[in-house]
Amino acid sequence: VYNAAPAWGVTVGDALGVPDPVLTQHQHQHQGQMFSFLGIRVSSPLSLVVNGKRPPASALAPPRLALSNPSAPL
């Protein structure tokens, strides 16, 4: 689950409700092999319903700021 906190997740056997999913077909080639699979995306792990309840706010990973400047001297 993208943007989920490392300490949060779902386990085998959990009932998962996915409101407004976006289904995407992924196709990737690597070392001569083709991999094809479906992916389901939601806007946030907080929009899911797990075992009839919404996840707590702590299920959302905190934001991280990453900066890069390719022209900066090493």
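Observations on the model:
- Subset of segment 25-55 [out of contact with any Asp or Glu (no Cβ under 9 Å at 6 or more places or on another chain), among the polar types (S, T, N, Q) and surrounded by 10 or more Cβ atoms within 10 Å (Cβ to Cβ)]: S44
- Some residue of segment 17-24 being assigned to a loop (DSSP other than H, G, I, E, B) and open to solvent by 80 Å² or more (accessible area, probe 1.4 Å): yes
- Residue in segment 45-59 that is among the polar types (S, T, N, Q) and over 15 Å from N3 (Cα atoms) present: yes
- Only listed residue being assigned to a loop (DSSP other than H, G, I, E, B), touching a helix residue (DSSP H, G or I) at 6+ places or on another chain (Cβ under 9 Å) and open to solvent by 100 Å² or more (accessible area, probe 1.4 Å), chosen from V12, V1: V1
- Subset of segment 16-51 (residues that are among the β-branched types (V, I, T) and under 24 Å from P62 (Cβ atoms)): V18, V22, I40, V42, V49, V50
- Residue list for segment 60-73, filter: closer than 17 Å to A7 by Cα and without any contact (Cβ under 8 Å) to a residue 12 or more places away in the chain: P63, R64
- If the condition is being in contact with a helix residue (DSSP H, G or I) (Cβ under 7 Å, 6 or more places away or on another chain) and without any contact (Cβ under 8 Å) to a residue 12 or more places away in the chain, then segment 38-56 contributes only R54.
The values are calculated or read from the model by the stated rules, or taken from the named source; none is laboratory data. Quantities reported herein were computed from a predicted structural model and do not represent experimental measurements. Positions of Cβ are generated from backbone atoms using ideal geometry, with glycine treated the same way; all protein chains shown enter the neighbour counts. Side chains included, ligands, DNA and RNA excluded: accessible areas come from the protein's heavy atoms. Shrake-Rupley method; radii C 1.70, N 1.55, O 1.52, S 1.80 Å.
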